[in-house]
Structures are given as C-alpha cells and as structure tokens.
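K.L.:
Can you keep this structure in mind? I'll have questions shortly.
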Amino acid sequence: MNEKLKSPDVNNLFNAILALRDIEECYDLFEDLCTVAEIKEMAKRFKAAKMLSDGAKYTEISETTGLSTATISRVNRCLKYGSDGYLKLLSRIDYEE
C-alpha cells in the first residue's frame, strides 16, 4: 500500500465504495464521481490486466482495448510488482467477455 495515498478522505471514499450493494449502485456512484471517459479507461486497464494474466501479447491487448503499450506496460508492472489489487479481484469475480 502506498502510504502517500492514505488519508481520511481516501478512506472515506473507499469505505463508500465498499458500502455499495450492487452493480447498479456502482454505476450510480461512478457516474457521479468520474467522467464517462475515466470509467471507460479504468475498465480498459482492468481488461488489460485480465488479458495479461491470461498470457495475451501487448499487440493483441492494444488492438482489443485501444490502450497504448506504455499503459499496458504499467498495468503489467502492477501485476508483477504491485499490491496485487488486480489479481485479487480477477480471482474473485466471474469475468464477463
């Protein structure tokens, strides 16, 4: 966990996210909290994490998601050396294709 990120405001945000009851509430909060482009970008990064964990190549991921290879590389670094956030979630959900 990045100590620079920790703060009461971030704790409050994360506790609010944890209090969401279903996917519709997620849509409601994130639509208020983020731009459509930000939500779509996060979804692309999550898809890239899934594809990387499944062994896909950068070129395939870039063609599928539209992400730059630099962004894909950052997601890959997080998968290999990060806090395991992507891996924890990918192991807990039924990923929709």
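The values are calculated or read from the model by the stated rules, or taken from the named source; none is laboratory data. Quick caveat, the model's predicted, so the values are computed rather than measured. Please note: Cβ atoms are built from the backbone with ideal geometry, for glycine as well, and neighbour counts cover all protein chains shown. Ligands, DNA and RNA are excluded from the accessible area calculation, which covers all protein heavy atoms including side chains. Shrake-Rupley method; radii C 1.70, N 1.55, O 1.52, S 1.80 Å.
K.L.:
Using a 1.4 angstrom probe, figure out how much accessible area the chain has per residue, in square angstrom, rounded to the nearest whole.
P.N.:
Value returned for the chain: 78 Å² of accessible area per residue.
K.L.:
With θ set to phi - 60°, apply the Karplus curve 6.51 cos²θ - 1.76 cosθ + 1.60 along the range 15-20 and write out the HN-Hα couplings as whole Hz, x wherever there is a Gly or Pro.
P.N.:
After applying 6.51 cos²θ - 1.76 cosθ + 1.60, I find 5, 5, 4, 5, 7, 4 Hz.
K.L.:
Compute the FRET efficiency between ASN15 and SER83 as 1/(1 + (r/R0)^6), taking r as their Cβ-Cβ distance and R0 = 25 Å, and round to the nearest 0.05.
P.N.:
0.90
K.L.:
Return the equivalent ellipsoid semi-axes of the chain as a descending list in whole Å, where each equals the square root of 5 times an eigenvalue of the C-alpha gyration tensor.
P.N.:
Its equivalent ellipsoid spans semi-axes of 24, 17, 14 Å.
K.L.:
With θ taken as phi - 60° and the coefficients 6.51, -1.76 and 1.60, list the Karplus ³J(HN,Hα) couplings across the range 21-34 in order, rounded to whole Hz; mark glycine and proline as x.
P.N.:
9, 7, 5, 5, 5, 4, 4, 4, 5, 5, 5, 6, 7, 10
K.L.:
For the range 19-86, which trypsin sites (Lys or Arg not before Pro) are in a loop by DSSP, counting at most 14 other Cβ atoms within 10 Å? Write down the numbers at each step before the final one.
P.N.:
Values: sites: ARG21, LYS40, LYS44, ARG45, LYS47, LYS50, LYS57, ARG74, ARG77, LYS80; in loops: ARG21, LYS57.
Passing sites in the range 19-86 are ARG21, LYS57.
K.L.:
I'd like the chymotrypsin sites (Phe, Trp or Tyr not before Pro) in the range 4-97 restricted to DSSP loop residues with at most 14 other Cβ atoms within 10 Å, sorted by number.
P.N.:
Counting only loop positions with at most 14 other Cβ atoms within 10 Å, the chymotrypsin sites (Phe, Trp or Tyr not before Pro) in the range 4-97 are TYR95.
K.L.:
With a 1.4 Å probe and all protein chains left in place, how much of the accessible area of the chain comes from carbon and sulfur atoms, in whole percent?
P.N.:
Within the chain, the accessible surface is 52 percent carbon and sulfur.
K.L.:
Work out the FRET efficiency for GLU97 and ILE39 from their Cβ-Cβ distance, taking R0 = 25 Å, and round it to the nearest 0.05. Provide the component values of the computation, followed by the final result.
P.N.:
On the way: r = 19 Å, r/R0 = 0.75.
Approximately 0.85, to the nearest 0.05.
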